[in-house]
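First comes the structure, then the notes that go with it.
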Amino acid sequence: MNDNNHPNNVFIEAIKPAEKGGETGLPGLRGELKTRSDDQDGAAIDKRHAIYYNIQDGTLAAVNYFRDKAKKGQSQLKVIELDGRPGVKEVSEYLLKKLE
């Protein structure tokens with residue numbers, strides 16, 4: 001799957017890797033950008049989504065666990081929910097306001 005509109009396509013202008021000091025990374029982040037060989041493979045992406053959305057023992061199970069702890073005041077962690085569908089600017093502004 002070689003889809004230029006796919007969310008894992010790191011050449012979308014808003015998340016285009018930047019070359020700095022011999023390393024390629026995402027703007028504002030440290031470290032080297034590495035892609036996986038299966039980043040464009042539909043079956044691999046489906047598997048990752050299944051793990052993420054699994055509320056029993058996947059990524060969302062962890063998110064829900066920490067969200068519940070934060071709501072009960074049992075954690076210093078802050079869980080911020082946001083809608084990633086608007087543009088990068090709008091999402092960034094929303095996130096920055098929530099982090100204040």
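Here are some notes:
- The residue that is surrounded by the most Cβ atoms within 10 Å (Cβ to Cβ), counting only those in region 39-98 that are touching a residue at least 40 places away in the same chain (Cβ under 8 Å) and assigned to a helix (DSSP H, G or I), is I45.
- Of all residues in region 48-89, exactly one satisfies the criterion of being of a type in the set (D, E) and closer than 24 Å to R36 by Cα, namely D57.
Each value in this text was obtained by applying a stated rule to the coordinates, not by laboratory testing. Not measured: the values here are computed from a predicted model. We place every Cβ from the backbone using ideal geometry, glycine too, and count neighbours over all the protein chains shown.
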